[in-house]
Amino acid sequence: MTRPERSHSTMTNWRTELEQAVTIARATFGGFLQSDVMPQGMQASATIWAAAFLAAPAMLLSAQFLGKYSFLQRYYPDLLERAIWSDRGLFILLSSGAIGVVCVVMWDTLFPGRRDVFVLGSLPIRPRVQALGRLGSLLALFVAFAAALNILPAVTYTMISALTVTGAIRGLPAHLTACLAADAFVFFGLTMVQGVLLVAAGRRASERLAPIVQMGTVLIVLLTLLFIGPLREATAVALERGNALDPFLRWFPLAWFVGMYETIAGTSRPIMGALAARGAVWAVAPLLVTAALYVFAFRRLCARAIETPATSATFPLSRVVSVTIRTLLVRHPTEQAICSFTLRVLARSRRHRMLMAIYVGGALALIATAILPAFLRHDASVFASPTVATLAPPLILSAALAVGFRALLAIPVDLPARWIFRTSSLTPFRVGSGVHKAGLLVVVMPVALSAWFSAAVFWDTSIAWRHAIFCAALSLLLLELLLLKSNGVPFAKQYIPGASRFHILWPFYLSCFLAYTYSAAEAERLMLLEGDITTPVTVILILAIVLACMRWWRLWHTPELSFEVEIPDEAFRGFNLSEGLAAQAVATRHANGSSNFHV
Amino acid sequence: MLEARGLTKYYSAITGVRDVCFTLKPGTVIGLLGPNGSGKSTTVGMITGLLEPSGGWVKFDGHDIRDDLVAYKSRLGYVPEEAQLYTWMSGDEYLTLCARLRGLPPATAARRIDTLLSIFGLQTDRDAPMSAYSKGMRQKILLSAALLHDPSIVVLDEPCSGLDVATTLVVRSLIRRLAQSGHMIVYSSHELEMVERVCNEVLILSDGRVAAHAPTAALREQVNAASLEDAFRTLVITTDVESVAAEIVTAITH
């Protein structure tokens, strides 16, 4: 009699725990898509648009390849196989790059934090159930994004590329499996890195290292996308050679996943099987390590989340720098408050650090695309004299820092805590001035320093000074332009996406970027050859002063600080759903007054 | 002098508070009482300038505060109901931020911050991020931030929440002393005993309206109550608290 009762009890416990794990997984998954940055009710639509944005390139590619393979089969059959490898590699790269960006953006939510531990820790739920629930939510997140990225492109591409019925039947699972495996390699590779850092080095150290990992990931993703053509070509060439000992095939992940694609699609090449096996191992291994971290180190992860000892938030060197800045640059107390608040948010808010890491990672990738091709063509002689490739990097960094700085000012931090600004006697002019000085420290100073050092290392100090002055002047002009309409306390308003109208104005922004970086670098090169940069720098500085005067005038005539989001009129007219919903959400909040009330 | 007349606030079709009137003279402590949802926080929001009244006005020294909010806020100290802080800052950094926002000279700010942190026993944790602070420690930071610039009006919304007994007693004495030195204090709380001990006047809100407004002793006499708690029960609480408690016990045990 006892044994069946125990068995029944075990079964009931098992079911209860499964239900608990599913509940935790659902709640955590919902939490992944929620954010206090944006107005209530628009996170879901923003996520849908983000997924659509990520999936769109692959969808468009399928349409672009329409008719390509039948044409090649008929007229250039020798090139067909290589073209198919190359295109399949393109899909794999796009998908895994997008999932890498998703992982970076969601970095802070991937492992249990303080809130999770406090909420779940007091409930009668076994740690293994909590771990299972969290792991389930992570898997669901991966599957949701991977499916959104790959299902439609897989169907359309298979329909377009399949030359036979068998090819179509095998092509769909092949596409999905290879892309999902590549996505798993990237996604769980990053979660594995984060988990290992958390367990081995602790929460504080992993938080400090996070921006570097995030920056590195963005750098790799962007470099992959920027060099996507040569990478696909090199992979296809290596696959054609079919040498199993080729280092490219052994160590370049794209080759493994193309091999997996080909194996499932039914290739007869033996090299593909070996590559597929390697790809399968590298897709599963990070997932297993992540799962093992969750299962075996969950208690430790939870302890790390809440037991991190409090240590000083400031360092002696930072005090010295702070005093110097206060003495030399920011003298008014209100400006000091706003400036130091801005710098601390950029340095300490995990969200802002992550976003700044993305901007800097993007800049580094673009710098690499400027220097690498020139270096490969000319070896070290590319650094012998100033060229566009070697003069542009500080300007690229300047563009990333200035745009990143301006964009991050609009992203809130701890909104409920902004009451301190709302109950202080602040004037728009002083606040604007504090933000501007923070901008000088974040944008102009690093650009000037990097320009001076790079030029001093490669050429001489005379060029270094001129290069630094030119880059600093241009950075100042860009900063003035970007801050021209800035208003209010930074990081203290809800975020409304789409204010920059990037989806419509991207050609304009791209042109401005190219003019600001490469064209300006070419102009500087010519001026350095002639030996005089005084006139152009003077003109740039006059323009910057004019913009600064316009900003001062506007701030001086602004009666009071606004803490409510300003919805651009165009937001209602545009086709961008997320903007419309944002506007509706904010309008609703204005109508019922709830946004005013809490803070 | 702080004067509120006909203060009204609507949230869309919902009335937050209606027709709240009071006058706060220097050296006075007014207690703001009321059950949850009675309009205390809305009233505090309008007094602090965080909320714009739908009707009525608040005048400070004869001037509508909304005519020059910046000047009014420079005379205001505020402890919010919830300890909402930038927890990635240290206590020292946060107080320095507040001091600069209030325009205090650096030397004065540094001296006052040092003193307040010492008095509240936060010297050893002054450089630690506030995310590691206990609720009481955060409350002490909020109190320090509110008093740092020696404000004329101090608005305290549940200031003793999370504080230990000793610090609560200190706050009680502090309020009395601030009042004696001419400060005007608005004290919003659910702790009736504390309100009775420190406040000269009591404003009781119920359903967004003023249920009673009188000096504390006079209020007790008006309703013939032995304590403020009894007066509050008589004026505001319509339900039988004992039967509600019994119902809860029944609900969880059956």
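Here are the numbers for the structure shown:
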{"quantity": "Accessible surface buried upon A-B contact (total; probe 1.4 Å; Å², nearest 100)", "calculated": "3400"}
{"quantity": "Calculated SAXS-style log₁₀ I(q)/I(0) at q = 0.10, 0.11 Å⁻¹ - chain B, Debye, Cα scatterers", "calculated": "-0.53, -0.64"}
{"quantity": "Reduced Cα scattering model of the range A:185-325, Debye log10 I(q)/I(0), q = 0.13, 0.21 Å⁻¹", "calculated": "-0.76, -1.22"}
{"quantity": "Chain B - percent relative contact order, Cα under 8 Å, separation 6 or more", "calculated": "26"}
{"quantity": "Rounded percent of accessible protein surface that carbon and sulfur make up, the protein assembly as shown, 1.4 Å probe", "calculated": "64"}
{"quantity": "For B:Leu205, residues with placed amide H under 5 Å, excluding near neighbours", "calculated": "B:Leu33, B:Gly34, B:Ala211"}
{"quantity": "The range B:73-215: proportion of alpha-carbon pairs further apart than 27 angstrom, %", "calculated": "21"}
{"quantity": "Over the range A:57-137, volume per residue of the alpha carbon convex hull, in Å³", "calculated": "116"}
{"quantity": "Overall Cα dimensions of the range A:16-306 - principal axes, largest extent first, Å", "calculated": "69, 43, 37"}
{"quantity": "Per residue accessible area of the range A:333-566, 1.4 Å probe, in Å²", "calculated": "41"}
{"quantity": "Rounded Å value of the spacing that divides the Cα centres of the range B:88-153 and the range A:153-214", "calculated": "47"}
{"quantity": "Theoretical FRET efficiency, 1/(1+(r/R0)^6), r = Cβ-Cβ of B:Thr15 and A:Glu522, R0 60 Å, to 0.05", "calculated": "0.35"}
{"quantity": "Pairwise Cα inverse-distance average, inverted: Kirkwood Rh of the range A:48-192 (Å)", "calculated": "17.1"}
{"quantity": "Shape of the range A:333-566, Cα gyration tensor, a/c cut at 1.5", "calculated": "prolate"}
{"quantity": "Rounded, prolate or oblate (a/c below 1.5 giving rounded, otherwise prolate when a/b exceeds b/c) for the protein assembly as shown by Cα gyration tensor", "calculated": "oblate"}
{"quantity": "Å² per residue, accessible surface of the range A:16-306 at 1.4 Å", "calculated": "46"}
{"quantity": "Label-point gap, in nm, between A:Val457 and B:Thr238 - each point 7 angstrom along Cα→Cβ", "calculated": "7.6"}
{"quantity": "Within chain A, helix-based [θ] at 222 nm, where runs of 4 or more DSSP H residues each add -39,500 (n - 2.57), nearest 500", "calculated": "-26500 deg cm²/dmol"}
{"quantity": "Per residue, in Å², the accessible surface of the range B:11-67 once ligands and nucleic acids are set aside, probe 1.4 Å", "calculated": "39"}
{"quantity": "Longest to shortest principal axis, alpha-carbon extents of the range B:21-147, angstrom", "calculated": "46, 35, 26"}
{"quantity": "Between the range A:409-449 and the range B:2-68, the alpha-carbon center distance in angstrom", "calculated": "31"}
{"quantity": "Minimum 50 Å² accessible area buried by the other protein chains, the range B:57-101 residues, probe 1.4 Å, relative to alone", "calculated": "B:Val70, B:Lys73, B:Gln84, B:Tyr86, B:Trp88, B:Glu93, B:Leu97, B:Arg100, B:Leu101"}
{"quantity": "Cβ crowding within 10 Å averaged over residues, with A:386-394, A:527-535, A:483-491 ranked highest first", "calculated": "A:386-394, A:483-491, A:527-535"}
{"quantity": "Formal net charge of residues neighbouring A:Ser486 (Cβ-Cβ distance under 9 Å; K, R +1; D, E -1)", "calculated": "+3"}
{"quantity": "Spin-label model distance (nm) - B:Ser54 vs A:Ala515, 7 Å beyond Cα toward Cβ", "calculated": "5.1"}
{"quantity": "For the range B:161-240, alpha-carbon Rg over 2.2 N^0.38 Å", "calculated": "1.16"}
{"quantity": "Average Cα contact separation per residue, the range B:1-118, under 8 Å, 6 or more apart, as relative contact order %", "calculated": "22"}
{"quantity": "Relative contact order for the range A:333-566, counting Cα pairs under 8 Å that sit 6 or more residues apart, in percent", "calculated": "28"}
{"quantity": "Two-site FRET efficiency, B:Ala218 against B:Arg111, from Cβ-Cβ distance with R₀ of 51 Å, rounded to 0.05", "calculated": "0.75"}
{"quantity": "MRE, 222 nm, helices only [DSSP H, n ≥ 4, -39500 (n - 2.57), over chain B, to nearest 500]", "calculated": "-12000 deg cm²/dmol"}
{"quantity": "Those residues of the range B:123-141 for which accessible area with every protein chain present is at least 40 Å² below the isolated value (1.4 Å probe)", "calculated": "B:Asp127"}
{"quantity": "Whole-Hz ³J(HN,Hα) from phi, Karplus 6.51 cos²θ - 1.76 cosθ + 1.60, for the range B:136-147, glycine and proline x", "calculated": "x, 5, 5, 5, 5, 5, 4, 4, 4, 5, 6, 9"}
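The values are calculated or read from the model by the stated rules, or taken from the named source; none is laboratory data. Because the structure is predicted, anything quoted here is derived from the model rather than measured. Virtual Cβ from ideal backbone geometry, glycine too; neighbours counted across all protein chains shown. The accessibility values were calculated without ligands, DNA or RNA, using every heavy atom of the protein model including side chains. Shrake-Rupley method; radii C 1.70, N 1.55, O 1.52, S 1.80 Å.
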